[in-house]
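Trainee: Attaching a single structure in structure tokens format; questions to follow.
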Amino acid sequence: GKIYYNNELADRKSVFKKYIAYVPQDNFLFSDTLKANIAFGTKSQDMSRIIAAAKSACIHDNIANFPDNYDTIVGERGVTLSGGQKQRISIARLFLKNPPIVILDEATSALDNESERLVQQSLEELAKGRTVITIAHRLTTIRNAAEIVVLTEDGIAEQGSHRELMAKGGVYSELYSMYSID
């Protein structure tokens, strides 16, 4: 089907590619350079922008320690990288693309607590002025969301801010208290 966006007729695929960035839990990397993997999906080959994106995703220091830095070739699906490194490469793509709509599907689940904290700060900064949809089981990652929707097998169980849902003492509050160390 066709949809209208800013008075332009476009197909859904091109709109998705242009205006939406998706960071999945299981990231796909190509057997190519780290630079090419970060720039995938954008037209930018500007090293200063790629490095800035990598710094925002807290992966730059790791890349600097690889034998060929940003020109290091990673194996198919990124087999030479840890799960957290692959996830941060995918998050760096997000920073480089800089889209108005972001979908994060368990995007920080493979990160250790310190890396998650750093990346979360960067993601919160990036979220300003755009729509971010976060799918998360680790509830600390969504604590600062403007609106949290709690889904159960029966549909929407609760909806509100972290503070509102904690005060309600329902499903969210119970889960948050059970799995976080606040």
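The values are calculated or read from the model by the stated rules, or taken from the named source; none is laboratory data. This is a predicted model, so every value here is computed, not measured. As a convention, Cβ positions derive from the backbone with ideal geometry for all residues, glycine included, and neighbour counts pool all protein chains shown. We work out accessible area using only protein heavy atoms, side chains counted, and drop any ligands, DNA or RNA first. Shrake-Rupley method; radii C 1.70, N 1.55, O 1.52, S 1.80 Å.
Trainee: Only one of the values (i) 13.1; (ii) 12.4; (iii) 9.6 was calculated from this structure for mean projected area of the Cα convex hull in nm²; name its label.
Mentor: Among (i) 13.1; (ii) 12.4; (iii) 9.6, the one calculated here is (ii).
Trainee: With every protein chain kept in place and ligands, DNA and RNA left out, what is the accessible area per residue of the range 52-136? Probe 1.4 Å, answer in Å².
Mentor: Numbers: 3980 Å² over 85 residues.
For the range 52-136, the per-residue accessible area is 47 Å².
Trainee: Which trypsin sites (Lys or Arg not before Pro) in the range 18-54 sit in a loop by DSSP (not H, G, I, E or B) and have at most 10 other Cβ atoms within 10 Å of their own Cβ? Walk me through the intermediate numbers first.
Mentor: Values: sites: 18, 35, 43, 49; in loops: 43.
When the trypsin sites (Lys or Arg not before Pro) of the range 18-54 are filtered for loop state and at most 10 Cβ neighbours within 10 Å, 43 remain.
Trainee: Mind putting a number on the dipole of the chain about its Cα centre? Charges go on the C-beta only, +1 for Lys and Arg and -1 for Asp and Glu, and I need it in Debye to the nearest 20. Spell out each step's value before the answer.
Mentor: Numbers: 21 positive and 23 negative charges, 151 e Å.
With only Lys, Arg, Asp and Glu charged at Cβ, the dipole is about 720 debye.
Trainee: Output the antiparallel fraction of DSSP beta bridges having both residues in the chain, as a percent to the nearest 5.
Mentor: Working: 10 of 19 bridges.
Given both bridge residues lie in the chain, the antiparallel proportion sits at roughly 55 percent.
Trainee: Moving on. Of the accessible area of the chain, with the probe set at 1.4 angstrom, what percent is carbon plus sulfur? List each step's numbers first, then the result.
Mentor: Working: 5550 of 10810 Å².
Its accessible area is 51 percent carbon and sulfur atoms.
Trainee: Right, here's the next one. Which of the residue pairs 86/128; 43/128; 86/168 have a Cα-Cα distance greater than 27 Å in the structure shown? If you can, show how the numbers build up before the last one.
Mentor: Details: 86/128 25 Å; 43/128 23 Å; 86/168 37 Å.
As for pairs spanning more than 27 Å Cα to Cα, those are 86/168.
Trainee: For the range 100-182, run through the GluC sites (Glu not before Pro) and keep only the ones in DSSP coil with at most 13 other Cβ atoms within 10 Å of their Cβ. Please report the intermediate quantities before stating the final value.
Mentor: Values: sites: 106, 114, 116, 124, 125, 147, 153, 158, 164, 174; in loops: 106, 147, 153.
Those satisfying the criteria are 147, 153.
Trainee: Sequence gap at least 6, Cα distance under 8 Å: using those rules, report the relative contact order of the chain to the nearest whole percent. Mind showing how you got there, number by number?
Mentor: On the way: 254 pairs, mean separation 36.9, N = 182.
After rounding, I find 20 percent.
Trainee: For the range 146-168 and the range 42-57, what is the separation of their C-alpha centers, rounded to whole Å?
Mentor: 36 Å
Trainee: With runs of 4+ DSSP H residues as the only contributors, calculate the mean residue ellipticity of the chain at 222 nm using -39,500 (n - 2.57) per run, divided by the residue total and rounded to the nearest 500. Let's see the in-between values first.
Mentor: Numbers: 8 runs with 75 residues, N = 182.
About -12000 deg cm²/dmol.
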